[in-house]
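Q: What follows is a structure written as structure tokens; I'll ask about it next.
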Amino acid sequence: QWDEQLDPRLNAKQKEAILAITTPLSINLPPVLIIGPYGTGKTFTLAQAVKHILKQPETR
């Protein structure tokens, strides 16, 4: 399962954002906008999404 590969510190909304970010472009989703006050984990969430993408064999 994809979320077993994610950092356990991520909350449900962060996992939802990562799923939206990492969904293949062939699936038609609206653009993703990550907003929130400082210290809420925006950068951490994006870093985890990038890490997840780079771990996929087809991205090498």
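Bear in mind that the values in this text are calculations on the coordinates, not laboratory data. Note that this is a predicted model, so its numbers are computed, not measured. Neighbour counts run over all protein chains shown; Cβ positions are idealised from the backbone, glycine included.
Q: Please determine, in degrees from 0 to 90 and to the nearest 10, the orientation of helix 12-22 with respect to the longest principal axis defined by the Cα atoms of the chain, where the helix direction is its Cα long axis.
A: Roughly 40 degrees, rounded to the nearest 10.
Q: What are the extents of the Cα atoms of the chain along their three principal axes, listed from largest to smallest and rounded to whole Å?
A: 33, 26, 19
Q: Which value in deg cm²/dmol, rounded to the nearest 500, describes the helix-derived mean residue ellipticity at 222 nm for the chain, given -39,500 (n - 2.57) per DSSP H run of n ≥ 4 and division by the residue count?
A: -13000 deg cm²/dmol
Q: Still on this model: Given labels modelled 7 Å from the Cα in the Cβ direction, how far is it in nm from N11 to T40?
A: Modelled inter-label distance: 0.9 nm.
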